[in-house]
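Report on the structure given below.
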Amino acid sequence: MTNDLTFFTNEEGRCLIDRFKTLFNDTKELDIIVGYFYLSGLYQLEKELEKVDKIRIIVGMQTGREIIDLVEKARNVDESKNKYLEKISEELSSGNYEDTLDKERAIRKFISWISNGKLEIKYYPHSPLHAKLYIFRSRSGIDLGRVITGSSNFTLSGLKDNLEFNVELKNRGDVEFAIERFDSLWENCIDISDEIVETIQKKTWLNDEISPYELYLKFLYEFLKDYLDYDKQDFNLPEGFKKLKYQLEAVADAEAKLKEHGGVFLSDVVGLGKTFITAMLLAKLQKKVLVFSPPHLVEYWEDVLRDFGVRAKIVSSGLLRNIDPKEFTDYGVVVVDEAHRFRNENTQSYENLHMICKGKKVILVTATPYNNKPSDIKNQLLLFQDRYCSTIPGVTNLEDFFSRLENEIKKVNRKKNPEKYKEVLKNCGELIRTKILQYVMVRRTRKEVEKFFKDDLKAQNVSFPKVEQPERIYYVLDDKLDNLYNKTIETIANLSYARYRPALYLKTKLKENDPEFISQKNLAGLMKTLLLKRLESSFEAFRNTLSKFLSSHEQFIKMFEEHGKLYISKEIDVYQLLNEDNIDELLKFVEEERVKEYNANDLLPEFYENLKNDTETIKSLLEEWHNVKEDPKLTKFVKLLEQDSTLSKAKKLLVFTEFSDTADYLEKNLKKNLEIVF
């Protein structure tokens, strides 16, 4: 390859900007004709241009893409000049332009050059001008100067980055011809130097007249611009459905958070229409939708999404533990209703849900995402966030953030210092809200909606029911029932719950952080809580639950005594396989790790002792509860319905209870006592 540096292509050793810097050492005047000229070109050569006495630039005003009109209101000039001035403004306002202190200083220097006459810029309006010409007039007088012509515009790309083709002319006749033609064009151009200065000073961030208040307004606009027209969005709402602004705002907010973080919590308080908001959001996203819903709400979700024109597959969340995640790879959005049910990551249901959500947009619908443990939120977040590399500003490592909060809580003894414990919980909750949830959650209370959307609610004749403060109603147990009740509470507390945690009795002890250890320990705790909740709900619900506990314990003991082994599974009916003597099928599930096997020899003797003691205790307790015929809670409720001035006149009553056993029990007895129609 030749070493002749007559040609400059921006390849290695032939970079045009390097040649310019060399020529500027002996340049008194610089004349330029280009189609494109950006300040980035001047900025790259700022120091070298200091040595030049005079700079004249003719621009042909060529535009390579559509330009938004930012300057035409400031000047009544022809369209081509406007477009060039707009490019100046656009260049400095572009997110690609790094507005550093050095660049600001350089641009202000260029403005000063225009003011003192060192730099003049004109544009040629008579016909398209595609020339790229650079004339370097010599200061030393060794020769007249040099001319470079070719394909490069006076931009960073033209001088340095693009592959170009330029030639340097050194012959005096060539230089004289170039100067003559430049001077002739210069006389027929329109000066835009002052207008460039005006554009920079008034239409870009270099405006010295911007007040702090105007800067604040600009900040608000940039931060909130995606939400400004939320109420103008067009939705195909079902007939009779009101277009409420507070719901439309939630859709816009959720869409922005979903776009930025891959997931969002829709956590408005009960009664604000989270399902409808979700449906509108899904209609906007126009992706293939998968919804996991509590079993009793599957039909409701199907009806709502059908009304909103959203095609979706609705799956009962109760089936999650038996689902193959690979069946749902082609969905774009996953909606999880009652998402707070997935606070525990050590379950098969959570593991399957986590795999299904991977790589998809995730919408978590819950009014109560956070209970008392930071891990409640963490595990839900991990359905759409990376544990160690999250998109939450300032909290890249979610595991570290939530571990520190958990450690703060563990430092306080809940029983010895309950007030301090509450304070720590409150502080942790506040940190989670400010550091995490504000970026990924949409949540408003009724009071907030009534305050900020008052006019729209009034115009559409929408109001929320006024809820009175709850009134505590007491019922009294007689001495015999009171003794049994207290005995039951004590018994529930003292059961070993060995049936639900054999892993804790292994002779080879598991570590406390082992998933198997944690899972079974948590299950035992859940069983204790379930018994207490059933007892509080109704005596009938508690009797039914005790009966189921007893049956489960007796089958467990039978399995242990007859087979010398225990089989535990969340998805397989182990007892049925044993009753059918289908050992081969059972062993196959053990091999597939769908059933966990424990050998009697691997367990401490205390396991069987505790299992037997729990079974006898439950049996004895159930016998005592079967002898209880009265129900003072039901009696008090019936009397309240008969005698309360408001309830006795009500045409419709809605009774909430946590358990279906209690609901069935109430229906049966209220029909008998009050002749109520259900």
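The values are calculated or read from the model by the stated rules, or taken from the named source; none is laboratory data. This one's a predicted model, so the numbers in the text were calculated from it and none came from an experiment. Glycine gets a Cβ as well: all are built from the backbone with ideal geometry, and neighbour counts include every protein chain shown.
Looking across region 549-575, the residues that are modelled with pLDDT of 90 or more and under 13 Å from Pro502 (Cβ atoms) come down to His553, Ile557. Looking across region 649-667, the residues that are aliphatic (A, V, I, L, M) and loosely packed, with under 15 Cβ neighbours inside 10 Å come down to Ala650, Leu653, Leu654, Val655. Here Gly359 passes the criteria (1) over 27 Å from Ile314 (Cβ atoms); (2) out of contact with any helix residue (DSSP H, G or I) (no Cβ under 9 Å at 6 or more places or on another chain) except the one numbered (1).
Say whether the condition of being assigned by TED's automatic domain parsing to the domain that holds Ser267 and over 27 Å from Pro325 (Cα atoms) is met by at least one residue in region 380-393. Yes, the conditions are met somewhere in region 380-393. In region 502-532, what count of residues is obtained for those that are aliphatic (A, V, I, L, M), over 32 Å from the mean Cα position of the chain (by Cα) and not in a loop (DSSP other than H, G, I, E, B)? Residues that pass the stated criteria total 8. Here Leu670 meets each of (1) in contact with a Ser or Thr (Cβ under 7 Å, 6 or more places away or on another chain); (2) assigned to a helix (DSSP H, G or I); (3) surrounded by 14 or more Cβ atoms within 10 Å (Cβ to Cβ) with one exception, condition (1).
Of all the criteria given as (1) touching a Lys or Arg at 6+ places or on another chain (Cβ under 7 Å); (2) over 23 Å from Arg499 (Cβ atoms), the one not satisfied by Trp625 is (2). Note on region 133-154: residues that are buried (at least 21 other Cβ atoms within 10 Å of the Cβ) and farther than 15 Å from Glu29 by Cα total 3.
Filtering region 645-667 to residues that are farther than 24 Å from Asp478 by Cα and either among the aromatic types (Phe, Trp, Tyr) or not in a helix (DSSP H, G or I) (or both) leaves Ser645, Thr646, Ala650, Lys651, Lys652, Leu653, Leu654, Val655, Phe656, Thr657, Glu658, Phe659. Need at least 3 residues that are under 30 Å from Ile111 (Cα atoms) and modelled with pLDDT of 90 or more per element, so show me which helices (runs of 4 or more DSSP H) inside region 166-247 make the cut, counting only ones lying wholly within it. So the answer is 172-187.
Between a first residue in region 188-199 that is over 15 Å from Asn116 (Cβ atoms) and a second residue that is in a helix (DSSP H, G or I) and modelled with pLDDT of 85 or more, which pairs have beta carbons less than 6 Å apart while being 6 or more apart in sequence or on different chains? Filtered contacts from region 188-199: no entries. Restricting Ile377, Ile363 to those that are in contact with a Ser or Thr (Cβ under 9 Å, 6 or more places away or on another chain) and not charged (D, E, K, R) reduces the list to Ile363.
Might you let me know whether region 491-498 holds any residue that is modelled with pLDDT under 90, of a type in the set (S, T, N, Q) and within 27 Å of Val628 (Cα to Cα)? Among the residues of region 491-498, not one is modelled with pLDDT under 90, of a type in the set (S, T, N, Q) and within 27 Å of Val628 (Cα to Cα), which makes the answer no. Scanning region 479-501 for residues that are free of Cβ contacts under 8 Å to residues at least 24 places away in the same chain and either assigned to a loop (DSSP other than H, G, I, E, B) or touching a Ser or Thr at 6+ places or on another chain (Cβ under 7 Å) (or both) yields one hit, Arg501. Scan region 639-649 and give yes if some residue there is within 30 Å of Leu546 (Cα to Cα) and of a type in the set (D, E, K, R), otherwise no. Within region 639-649, one or more residues are within 30 Å of Leu546 (Cα to Cα) and of a type in the set (D, E, K, R). For region 316-358, the set of residues classified as of a type in the set (Val, Ile, Thr) and either in a helix (DSSP H, G or I) or closer than 27 Å to Lys596 by Cα (or both) consists of Ile323, Thr347, Ile356, listed by residue number. Taken over region 369-389, the criterion of being in contact (Cβ under 8 Å) with a residue 40 or more places away in the chain and not in a helix (DSSP H, G or I) is satisfied by Pro369, Tyr370, Asn372, Leu383, Phe384, Gln385.
Restricting attention to region 248-259, the residues that are surrounded by fewer than 18 Cβ atoms within 10 Å (Cβ to Cβ) and either touching a helix residue (DSSP H, G or I) at 6+ places or on another chain (Cβ under 8 Å) or modelled with pLDDT under 90 (or both) total 1. In region 636-648, the residues that are surrounded by 13 or more Cβ atoms within 10 Å (Cβ to Cβ) form Cβ pairs under 8 Å with partners that are in a helix (DSSP H, G or I) and polar (S, T, N, Q), at six or more places apart or across chains, as follows: Val638/Asn669; Val638/Asn673; Leu641/Ser648. Among the residues of region 304-354, the ones that are over 20 Å from Leu382 (Cβ atoms) and either among the β-branched types (Val, Ile, Thr) or outside the structural domain of Val269 (by TED's automatic domain parsing) (or both) come to 4 in all.
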